[in-house]
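Down below is the structure, laid out as structure tokens.
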Amino acid sequence: MLYLVGTPIGNMGDISSRAVEILNEVEYIACEDTRVTGILLKNLGIEGKKLISYHEHNKASKGNELISLLKEGIDIAQVSDAGMPAISDPGEDLVSLCISEGVGFTVIPGPVAAITALVMSGLSTRHYHFEGFLPNSGSDRKKRLNKLADYDETIVLYEAPHRVKKLVSELVDLGFGSSRVSFCRELTKRYEEVIRLTVVKAQSYFDENEPRGEFVVCLEPKAKKQVEIDEAALERRVHELRDQGMAVKEISAILAEETGRHKKDMYRLVLSLLK
Ligand code: SAM
């Protein structure tokens with residue numbers, strides 16, 4: 001049986017008694033960094049466990065090795081360096097492999113930085129979108145960032161400290177300036193801190209306070225202008241802009257800005273009105 005075991009995100013007191021029991025009982029522990037897990041086990045007084053390194057770069061080959069051991073009836077725990085395995089951490093592929101190979105697995109739940117931060121943020125917890133890490137750079141990052149503007153719920157991101165300032169300025173460029181945001185730093189640790197402000201104010205805050213430590217960013221959705229506009233007035237405006245010589249694309253962009261409606265929806269509407 002495979003056990004995906006949640007471990008603390010900072011505070012050693014957050015490990016569950018069931019997690020300790022399972023870590024004590026299994027023969028092997030698959031972990032990201034054997035040094036990190038070694039320290040955890042030492043803290044828990046667990047000795048003599050065989051550790052198997054299982055991380056992002058060896059998960060394809062090691063996954064099959066783990067499945068072979070599991071098929072022999074050997075019990076294995078999988079842990080990540082911190083928090084829940086499979087949440088922005090290795091584990092997801094192992095779960096898929098277990099399912100496709102008919103191997104039993106279960107989850108021993110533990111802390112998740114995203115959920116801890118979401119509750120700390122004070123933003124709406126009713127609906128949320130977990131983004132995790134954005135791609136570091138390039139068009140992949142841009143694509144994911146642009147998508148953030150579409151969400152109507154609290155957005156939860158993981159971000160490395162050296163990219164926090166860049167993220168803030170990207171969010172300002174995307175029109176999130178007036179959104180509330182919380183930066184949850186070093187959660188459950190000695191220097192735990194939550195910074196709650198607006199995105200635009202975060203720029204000057206981080207100019208004066210260099211981001212340090214581990215961060216979860218919880219972001220209020222982009223403010224939608226959604227101006228009430230009646231359909232007849234909208235049609236008149238479309239024709240007015242058309243008479244000024246504008247193309248459908250330009251008209252849609254202007255009306256999306258004026259009404260707060262989505263550009264694509266506006267494009268379709270303008271097309272149908274000008275048919
Ligand atoms: N599996 C983990 C979980 O369940 O939360 C997430 C692992 S991910 C590789 C590491 C990222 O989680 C960090 O870069 C940071 O964004 C966030 N994180 C982890 N521990 C944290 C903490 N104590 N305080 C703030 N953020 C934390």
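The values are calculated or read from the model by the stated rules, or taken from the named source; none is laboratory data. Being a predicted model, the structure only gives us computed values, none of them experimental. In this analysis, Cβ positions are derived from the backbone assuming ideal geometry, glycine residues included, and neighbour counts consider all displayed protein chains. Remember, those area values only see protein heavy atoms, side chains included, never the ligands or the DNA or RNA. Shrake-Rupley method; radii C 1.70, N 1.55, O 1.52, S 1.80 Å.
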Log entry, pairs with first residue in the stretch 105-121 being open to solvent by 70 Å² or more (accessible area, probe 1.4 Å), second being outside any helix (DSSP H, G or I) and within 8 Å of the ligand (Cβ to nearest atom), beta carbons closer than 8 Å, six or more apart or on different chains, reads Pro109/Gly6; Pro109/Met84
Take the stretch 148-182 and flag every residue that is part of a loop (DSSP other than H, G, I, E, B) and within 16 Å of the ligand (Cβ to nearest atom).
-> Ala160
If you check Thr34 against the conditions, is it open to solvent by less than 10 Å² (accessible area, probe 1.4 Å), in contact (Cβ under 8 Å) with a residue 12 or more places away in the chain and among the β-branched types (Val, Ile, Thr)?
-> no
Inside the stretch 1-81, counting only strands (runs of 3 or more DSSP E) that do not spill past its ends, which hold 2 or more residues that are within 16 Å of the ligand (Cβ to nearest atom)?
-> 2-5, 28-31, 76-79
Is there a residue being outside the structural domain of Asp89 (by TED's automatic domain parsing) and touching a residue at least 40 places away in the same chain (Cβ under 8 Å) anywhere in the stretch 135-144?
-> no
Restricting the first residue to the stretch 165-176 and requiring it to be more than 16 Å from Val216 (Cα to Cα), which pairs with a second residue that is open to solvent by less than 10 Å² (accessible area, probe 1.4 Å) and among the basic types (Lys, Arg) meet a Cβ separation below 9 Å and a spacing of at least six or different chains?
-> Glu170/Arg141
Ile195 meets each of (1) under 19 Å from the mean Cα position of the chain (by Cα); (2) within 16 Å of the ligand (Cβ to nearest atom); (3) in a helix (DSSP H, G or I) with one exception, condition (3)
